[in-house]
Amino acid sequence: MRQARTFKKLLLVTAISSGFLLTGCDGDDGDDGKAGADGQSADVVAQLAVTTSGFPIPEDAILVAPDAADGDDITEALSVALFNLPEDALVVLPKGRFMVTESIVVNSASGLTLTGYGINETALDFSTSNGDDAFRFQGGNGITVRDFGVYEAPKNGIKATNVNGIHMTYTATVWEGELEAANGAYGLYPLKSQNVLLENNYAFGSADAGIYVGQSENIVVRNNTAKQNVAGIEIENSTMADVYNNIALGNSGGILVFDLPGLDKAYGGNVRVFNNQAYNNNADNVGAGVVGTVPPGTGVLVLATSDVEMYNNQITDNDTTAVAITSYLLVDDDLASYPANYGATMGNGWSPTLKNVYLHNNTIARNGDNPRGALLQPVIDGYSSNMNSKGTPQTFPAILYDGIGELLSNAGELAGFNALVGAEAQADGVNYDPYGAGDQICANSNINGNPAPDYDEVNTGLVYPDDPADVTMVDGDGNPLPHLLIDQMVNNTYLNCVQPRLAPAVVNFRNNIYGCTGDDLAEAACAL
């Protein structure tokens, strides 16, 4: 059993998150509520008036252990309050720090709001819990989780599966101390859900992803801070997602957009990542599985997912690279084994290649000073020696594209995979044909933010050329060898193309519209 940790190191965390809240939104998220608490004492009425984020608590709220003292175990009271809930219930956690010793599971809630008194005012400690997730919402619709922090969950912080309408705001998921493999995996964790709105949250210390949305549709992730996780913010096998106005710092990888094989939702797309800050993401990677291969020092990583647009981000001070754009072939290069190992998921539309990734108008500075990570080590070795296209050691590319999936597709080497693709995926455009103009990986109009005299040392690199006619190096079997092409980022010749802009994501939560076509219509980031 995990030992309980103290709150001695919480001061730094709360200071950071408090500063974040001071600069965040005003707390008006469209949820209705009335101040006051009918039948409660004067002291309780004062406490119930409003949370620190400005959310008013209505008079008919269900109170969980309102008289509990700091350190009390409120597991039973919490479980009772969340069992057999009426529709549109509002459940209020007490103010203070409390122990919870079991997973709190909520099934098929409709219109539930679960709130504390504030991201720093209500803290639930799961360090002695016998469960896995701290909170797990299964099924249901229109669920809001807000204004409290979850500490030391054995596995995941706040998880939601198969929910239509999940709103997490002003919450914190924290594993204190150093980033360790023994920490829980995910902080905020919506999965297989629709209409997902994550805003104003703080995630610290996850051994997988601090803020994660997987196998979901219609997603807005905005105004969050993810610090010292393996992956700060991750969108995986998800469709129609907007990720904007977030801060990702001190993680191994700042912002990740993945399609991974073997999942029920085989592939995602139409993911926009814009107006975020991704800096100092240099933590050692303690993760497992594919996320454990993310090179430490990566600002943004796009892996085997298509239809991604990244723009107006500030990507700075990441040791390895600002942006890595890679096929799954970098993870598993044994093409002959793909039909046996991935045939079923490829039939559903997952592809190891990626298409239509458009990177533009980002400010990129001071990346690549200490590139590392087993996944990229041969590439790092080549660029740092004379074994690259320039023949002399180079500053590691700030934008790196592996190019191998595109090269093999253009050479016809992957055409046999078309026979694996099912009819539904084919109709959705999944194929292994040569890349057309709309499939290309493009990077232009990005801004070199390096100071003098290092201004010119912001590079774009291709591990392999995308045109078979440009292949000049092969092994004894005729397979292409890495060419390690490199050019300056500004006005580069390798990825100099333009793609159509992607459509904004739309979240419909409790019949209100959120995102760039809804409540953020006047937000500056949405006009870019």
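The values are calculated or read from the model by the stated rules, or taken from the named source; none is laboratory data. Since this is a predicted model, take the numbers as computed values, not measurements. All Cβ positions, even for glycine, are placed from backbone atoms using ideal geometry, and neighbour counts span all protein chains on display. For accessibility, only protein heavy atoms count, side chains too; no ligands or nucleic acids. Shrake-Rupley method; radii C 1.70, N 1.55, O 1.52, S 1.80 Å.
Tabulated values for the structure
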quantity	calculated
Subset tally (residues that are outside any helix (DSSP H, G or I) and either out of contact with any Pro (no Cβ under 7 Å at 6 or more places or on another chain) or of a type in the set (Val, Ile, Thr) (or both)) for segment 387-411	15
Top-ranked residue in segment 471-517 [being in contact with a helix residue (DSSP H, G or I) (Cβ under 9 Å, 6 or more places away or on another chain) and within 30 Å of GLY142 (Cβ to Cβ); ranked as surrounded by the fewest Cβ atoms within 10 Å (Cβ to Cβ)]	THR517
Qualifying residue in segment 71-79 (condition: of a type in the set (Val, Ile, Thr), free of Cβ contacts under 8 Å to residues at least 60 places away in the same chain and either on the phi > 0 side of the Ramachandran plot or out of contact with any helix residue (DSSP H, G or I) (no Cβ under 6 Å at 6 or more places or on another chain) (or both))	yes
Restricting segment 263-315 to residues that are among the charged types (D, E, K, R) and out of contact with any Phe, Trp or Tyr (no Cβ under 6 Å at 6 or more places or on another chain), the residue that is farthest from TYR401 (Cα to Cα)	ASP264
Selection from segment 179-221 of residues that are in contact with a Gly (Cβ under 9 Å, 6 or more places away or on another chain), of a type in the set (A, V, I, L, M) and over 13 Å from VAL243 (Cα atoms)	LEU179, ALA181, ALA185, LEU188, LEU191, ALA203, ALA207, ALA209
Matching residues, segment 94-108, being open to solvent by less than 10 Å² (accessible area, probe 1.4 Å) and assigned to a loop (DSSP other than H, G, I, E, B)	PRO94, VAL100
Those residues of segment 434-449 which are more than 26 Å from ALA322 (Cα to Cα) and in contact with a Gly (Cβ under 9 Å, 6 or more places away or on another chain), in sequence order	PRO434
PHE126, sole failed condition from (1) open to solvent by less than 10 Å² (accessible area, probe 1.4 Å); (2) within 20 Å of the chain's Cα centre (by Cα); (3) within 24 Å of GLY71 (Cβ to Cβ)	(2)
All positions within segment 437-448 that are within 14 Å of LEU354 (Cβ to Cβ) and open to solvent by 30 Å² or more (accessible area, probe 1.4 Å)	GLY438, ASP439, GLN440
Extreme residue, least open to solvent (accessible area, probe 1.4 Å), among residues of segment 518-528 that are assigned to a helix (DSSP H, G or I) and either of a type in the set (Gly, Ala, Ser) or more than 26 Å from CYS442 (Cα to Cα) (or both)	ALA525
Scan of segment 202-235 for residues that are farther than 25 Å from ALA503 by Cα and touching a residue at least 60 places away in the same chain (Cβ under 8 Å), ordered by number	TYR202, PHE204, ALA207, ASP208, ALA209, LYS227, VAL230, ALA231
Among residues of segment 373-386, those that are open to solvent by less than 40 Å² (accessible area, probe 1.4 Å) and either part of a loop (DSSP other than H, G, I, E, B) or touching a Lys or Arg at 6+ places or on another chain (Cβ under 8 Å) (or both), counted	3
Residue within segment 449-463 that is at pLDDT 95 or above, open to solvent by less than 40 Å² (accessible area, probe 1.4 Å), under 25 Å from the mean Cα position of the chain (by Cα) and among the β-branched types (Val, Ile, Thr) present	yes
Residue within segment 295-309 that is acidic (Asp, Glu), buried (at least 19 other Cβ atoms within 10 Å of the Cβ) and either part of a loop (DSSP other than H, G, I, E, B) or touching a Cys at 6+ places or on another chain (Cβ under 7 Å) (or both) present	yes
Residue satisfying all of: in segment 53-93; part of a loop (DSSP other than H, G, I, E, B), farther than 19 Å from ARG510 by Cβ and open to solvent by 80 Å² or more (accessible area, probe 1.4 Å); modelled with the lowest pLDDT among these	GLU59
